[in-house]
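Chemist: One structure coming up, written as structure tokens, with questions to follow.
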Amino acid sequence: MIPRKISLVGLIILIALLFQDCIREEFHWGYQIGEITYSRNAVFLNSEELSLLKKSTSDSMIFSGLTSELKKITTNSILVTGVSDSTPFGLLRKVTKVDVIDSSVIVLYKDAVLTDAIMEGTVRLHEKLLEKDFRLKSKVEGVLVEGPSKSFDGLAITLDNFEIFHNGTAVAKLNGSIGISPEIDMTIEIEAGEIKRVDLSTTLNRIDELTLSSGSAFSGNNEIIGAEFIHCPIVINDLVFVPEIKISCGFSGMAAGGVSSGVRQDRVITSNISFENGAWSEAPMIHTESYDFSRPQVTDNSDLKIFSGIDISMKLFNTPVQTIKSVGYYALKAEKTSSPMWKLYTGSEGTDTVSAEILGLAKGCSSEMVIEESEIASADGN
């Protein structure tokens, strides 16, 4: 009797251990790609499948045939779709219905989040965004796109008599250049299908050289998107990141007479945002700057702000995960009855925002990127 009891107890323990092992393996088993373990529900659609894609909409796909991957699709599958002409940003979707009719596969889906697809692992993105990896989406008159011979390897445009104000005979123009070289360092850690940690460090190397000229009085405010660019897809362990950049410039305020002024600013700005233990935090912004200017030619009162803006959207499967808005400016304040008659100031404004949507978090985070306005010159000769 005793040996039989021991054998029975041993059998129960063995079954329990096997059962626990199965549960553990069921949780951890999936598709290992680099440092990431995808869910067993993940289905990867790449060139073979996408060559059969006949139609793609916001909530469905239709394929003209079957492949081994397409046969895997069931309700609740998570589609991880690569880059193609029809899916330039890739797609991350949760399947709600699938039908095979004759030789066509019809897949209905809804939006998915990163943790629907990834069970555990670390997503690491470290990228310096260079001009050679961008293509121009659009630009307006008065904007020239720099060529490859320039020394600055970031994204840059040249302003050539760029009109920021035009009303009858009153015209104000900008000349100069705007350059940006962003460096993105992103780490996302996932455990048991949950975001555990996010670290985002973003450094902006900016060059803003803006010369304003107007032969008459003008006033108001105006911001114009001078050019838009899209980066080639950055694919990391089947995750598709696509950065987009808009460069804008404009003015606000008034000049009571003709005016000309020019300021060059070189800035390096670093923003750090983190998520850990269920909460967001931000580190103080780090920045360095240098400047040069030409003495303003102004004969009447003026209260003008001349600015250039950089808008960076880091998209993951076409959903923004980080958005940076950075505006550098200089201000010309003149009063003909004052001494000194005019003063020049520089400053910077902006935000670094992380979206919760694609990460599947309850809320995101927005960090201010502000450099206080400071005087750089005056009519006294400073």
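Derivation of every value follows stated rules applied to the coordinates shown; laboratory data play no part. For clarity, every value in this text was computed on a predicted model and none was experimentally measured. FYI the Cβ positions are ideal-geometry reconstructions off the backbone, even for glycines, and counts take in every protein chain you see.
Chemist: Computed FRET efficiency, Cβ-Cβ of Ala192 and Ser290, R0 41 Å: what is it to the nearest 0.05?
Modeler: Details: r = 48 Å, r/R0 = 1.17.
For R0 = 41 Å, the calculated efficiency reads 0.30.
Chemist: Out of residues 5 or more away from Ala112 or on other chains, whose amide H comes under 5 Å of its own, with H placed 1.01 Å from N in the peptide plane?
Modeler: Excluding prolines and chain starts, which carry no amide H, the hits are Lys94.
Chemist: So what J values fall out for the range 199-216 if you push phi through Karplus, 6.51 cos²θ - 1.76 cosθ + 1.60 with θ = phi - 60°, rounded to Hz, Gly and Pro as x?
Modeler: The phi angles translate into 10, 10, 10, 10, 10, 10, 9, 10, 10, 10, 10, 10, 10, 9, 9, 8, x, 8 Hz.
Chemist: Based on alpha-carbon centroids, what's the gap between the range 74-97 and the range 286-301 in Å, whole number please?
Modeler: A separation of 50 Å, based on Cα centres.
Chemist: To the nearest Å, what is the center-to-center distance of the range 348-381 and the range 185-212, using C-alpha atoms only?
Modeler: Measuring centre to centre over Cα atoms gives 13 Å.
Chemist: Please compute the length gained on full extension between Ala283 and Asn318, using 0.36 nm multiplied by the number of residues separating them and subtracting their Cα-Cα distance.
Modeler: 9.8 nm
Chemist: Taking the beta-carbon count within 10 Å as an exposure proxy, list Arg264, Arg295, Arg206, Arg135 from fewest neighbours to most.
Modeler: Placing the least packed residue first, the sequence is Arg135, Arg295, Arg264, Arg206.
Chemist: Rounded, prolate or oblate: pick one for the range 34-112, where a ≥ b ≥ c are the square roots of the eigenvalues of its C-alpha gyration tensor, a/c under 1.5 means rounded, and failing that, prolate if a/b is larger than b/c, else oblate.
Modeler: Rounded is the answer for the range 34-112, as its axis ratio a/c remains below 1.5.
Chemist: Compute the relative contact order of the chain as a whole-number percentage, counting only Cα pairs closer than 8 Å that sit 6 or more residues apart in sequence.
Modeler: 11 percent
Chemist: Another one. Neighbour counts of other C-beta atoms within 10 Å: give me Met285, Met61 arranged from fewest to most.
Modeler: The order, fewest Cβ neighbours first, is Met285, Met61.
Chemist: Applying a 10 Å radius around every beta-carbon, put 239-245, 360-366 in order of their mean neighbour count, most first.
Modeler: 239-245, 360-366
Chemist: With runs of 4+ DSSP H residues as the only contributors, calculate the mean residue ellipticity of the chain at 222 nm using -39,500 (n - 2.57) per run, divided by the residue total and rounded to the nearest 500.
Modeler: It lands at -3000 deg cm²/dmol.
Chemist: Return the FRET efficiency for the residue pair Leu108, Asn222: r is the Cβ-Cβ distance, R0 is 35 Å, and the value is rounded to the nearest 0.05.
Modeler: Once rounded, the FRET efficiency stands at 0.20.
Chemist: Measure off 7 Å from each Cα along the Cα-to-Cβ vector at Arg124 and Thr337, then give the distance between these two points in nanometres to one decimal.
Modeler: The modelled label-to-label distance comes out at 6.5 nm.
Chemist: Whole-Hz Karplus ³J(HN,Hα) for the range 63-76, in order, using 6.51 cos²θ - 1.76 cosθ + 1.60 and θ = phi - 60°, x for Gly and Pro?
Modeler: 10, 8, x, 10, 10, 4, 6, 4, 5, 7, 5, 9, 4, 6
Chemist: When a/c reaches 1.5 or more, the comparison of a/b and b/c decides; with that in mind, is the range 258-382 rounded, prolate or oblate per its Cα gyration tensor?
Modeler: prolate
Chemist: Angle, helix 2-28 long axis vs. longest principal axis of the chain, Cα atoms, 0 to 90°, nearest 10?
Modeler: It works out to around 30 degrees.
Chemist: Residue-wise, which Karplus ³J(HN,Hα) couplings in Hz belong to the range 122-139, taking 6.51 cos²θ - 1.76 cosθ + 1.60, θ = phi - 60°, and x for glycine or proline?
Modeler: The phi angles translate into 10, 9, 10, 10, 10, 8, 9, 7, 10, 4, 4, 9, 9, 10, 6, 8, 6, 8 Hz.
Chemist: Can I ask one more? Mind sorting out which of [x] 0.97; [y] 1.15; [z] 0.99 is the real Rg/Rh (Cα atoms, Kirkwood Rh) computed from the coordinates?
Modeler: [y]
Chemist: With r defined as the distance between the Cβ atoms of Ser64 and Glu163 and R0 fixed at 51 Å, what FRET efficiency is calculated, to the nearest 0.05?
Modeler: 0.55
Chemist: Moving to a separate point now. Based only on other Cβ atoms within 10 Å, what is the fewest-to-most ordering of Phe229, Phe152?
Modeler: In increasing order of surrounding Cβ atoms, one gets Phe152, Phe229.
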